[in-house]
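Okay, structure first, notes after.
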Amino acid sequence: MQRQIKEIIDLYGDYLLRIAYTYVKDNRIAEEILQDVIFTYYRKQKDYRGDASLKTYLTRITINRCYDYLRSWKSKRETLLETIFVHGNTKSIESKYIEKEEKMEITRTVLTLKVKLREVILLYYYAEHTTKEIADLLELPESTIKSRLQKARSVLKEKLDHIEWEVLNDGSGETI
Amino acid sequence: MMEAEKQFKKEWKNELESNIYLNTEMKSELVEKVVSHKFKEKKQSNLVYPLVFSIFVFGIAFFLLVTIQDNTLGISSSSNTSFSIEYNFKELLVSERFYWTLGAILIEGTSVFLLFAVIKKTLRWQSNTFISKINSLLATWPRNFVIQSIIFILIGGGIAFISLNIIKILVVFFVMLLNCLLLLWFVRKLNRSACPHCGKSFTRKDVFKMTWAPYRLTCIRCEENIYLSADSRKNSVLFIWVPLISHYLLALSGIPIQIIVFSFIVVGLFFNFYIVNFTNRFSNEDEPLW
């Protein structure tokens, strides 16, 4: 059992951590969510029927846990305190943390998007899912995913003007 | 995927992989925590809403009781109209107390009967363990009849021995209960309202937010436009009549208005926070009322 957990963490730990980080924008909270996800899988392994791949299954749990955190009082309090006490040039702890490491221009820009736009960008470009797979994962119509992707790309286009954007390709080679 | 998108993807992946990762120490610590059950799953329970709501209801109730009648708490457990075995029958028939007691017992009986009917007939509750246990207890009609009769007699008997002031307050309580049970009866076969586009069932919070939205509504999940259906707009007006008429009749009977207002507010809150989840139906087009 310990070996199995270690294998899962080696295979998917980093990936799930990055997904959680993109949602909650805080490394510490992302680590807590990852712990929660691994522990949930450890306890409820028999609930995994194998309909989807293990990676997709764990991704779904991670996304649900992220949403639980974002809906919680703790998250709203943090956002409120940040809004009240972070003025002008004052940097938040989170942005200072980012700037301690290498310059993360693209990540920082993506994190400025709303959650609903951020998640489709993450799942499409980082996790490399098709729009259909994202629609299944998030339990939304595919048309909604496509329109969110378009909107996210138009917002990012203004902010990342050194990258040229093309028309969205839906993964089957057809242009929308 | 075009070159520019590939470049974006590559750069972003590099950024994430260089900065967001688990080192060896963190991985070992995580494995150890999970295997040794040291990591306790945090239960997410938000007690703020029930706590604030309970304080509100009990605070208002206490305030109302303090403001009515002569003594400090506004009610008297002993009065010169308490039950006496020495009443003769003629005096009993013309006494105010007799009719109040009779009315209270009738309303109490109706409430008990309706309560069990609601428990038995509400479809969405049938999968609940507690309700299944009650239904198995009331499986046969003789057992059903006996249990309901026992409860009716116990409460009714209690009513016969208390003072008139408390009977009046109990009447208001039973009218309030009856209104809530009637509302539950009307929605016994309904499920939670859902989005006509994606089929998502709306939670209490979603419905509450949408009830107060001044203009067009959008689904919280798929963000498509939705509209309150014409039927639900018409029906919502009907639901107000029964509580309004029943509380108006109570007001004519001389019960202090504060208690009646309190009862009406409780029924209103029950409708707005629970019943409306089932009565509000949405459609994908703006249906005309007539």
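Every number in this text was worked out from the coordinates using simple rules, so none of it is lab data. Note that this is a predicted model, so its numbers are computed, not measured. Because the Cβ atoms are built from the backbone with ideal geometry, glycine has one as well, and the counts that use them run over all protein chains shown.
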Determine the shape class of region A:1-82: with a ≥ b ≥ c the square roots of the Cα gyration tensor eigenvalues, call it rounded for a/c under 1.5, and otherwise prolate if a/b is greater than b/c, oblate otherwise.
prolate
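Taking all pairs of distinct Cα atoms, average 1/r, flip it, and tell me the Kirkwood hydrodynamic radius of region B:117-223 in Å to one decimal place.
Averaging 1/r across every pair of different Cα atoms and inverting gives 17.6 Å.
Would you tell me the mean number of C-beta atoms belonging to other protein chains that fall within 10 Å of each C-beta in B:4-16, as a whole number?
On the way: counts 5, 9, 1, 3, 11, 5, 1, 5, 11, 5, 3, 11, 13.
Mean shielding by partner chains, rounded to a whole number: 6.
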Just how far, in whole angstrom, is region B:220-269 from region B:108-144 if you go by their alpha carbon centroids?
25 Å
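Given a cut-off of 18 Å, name the pairs among A:LYS76/B:LYS13; B:LYS120/B:LYS189; A:LYS114/A:LYS157; A:LYS76/A:LYS146; A:LYS76/B:LYS205; A:LYS157/B:LYS9 whose C-alpha atoms lie farther apart than that in the structure shown.
Numbers: A:LYS76/B:LYS13 29 Å; B:LYS120/B:LYS189 11 Å; A:LYS114/A:LYS157 15 Å; A:LYS76/A:LYS146 29 Å; A:LYS76/B:LYS205 16 Å; A:LYS157/B:LYS9 14 Å.
Table pairs above 18 Å Cα-Cα are A:LYS76/B:LYS13; A:LYS76/A:LYS146.
Over all residues in A:109-118, what is the mean tally of Cβ atoms on other chains that come within 10 Å of each residue's Cβ?
Partner Cβ neighbours, averaged per residue: 1.
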First select every other residue whose beta carbon is under 10 angstrom from the beta carbon of A:LYS116; then total the charges, Lys and Arg +1, Asp and Glu -1.
+3
Please average, across the residues of A:13-21, the number of beta carbons from any other chain that are within 10 Å of each residue's own beta carbon, and give a whole number.
4
In what order do B:ILE105, B:ILE55 fall by count of nearby beta-carbon atoms within 10 Å, going from fewest to most?
B:ILE55, B:ILE105
Note, ³J(HN,Hα) from phi for region B:114-125, Karplus 6.51, -1.76, 1.60, rounded to Hz, x at Gly and Pro:
5, 4, 5, 5, 5, 4, 6, 9, 6, 5, 6, 8
Taking neighbour counts of Cβ atoms within 10 Å as a proxy for exposure, in what order, fewest first, do B:SER263, B:SER193, B:SER253, B:SER232 appear?
B:SER253, B:SER232, B:SER193, B:SER263
To the nearest 20 Debye, how big is the dipole of region B:184-290 about its Cα centre, given +1 on the beta carbon of each Lys and Arg and -1 on that of each Asp and Glu?
340 debye
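Sorted from fewest to most neighbouring beta carbons within 10 Å, what does the list B:LYS27, A:LYS74 look like? Working shown, then result.
Working: B:LYS27 17, A:LYS74 12.
With the sparsest Cβ surroundings first, the list reads A:LYS74, B:LYS27.
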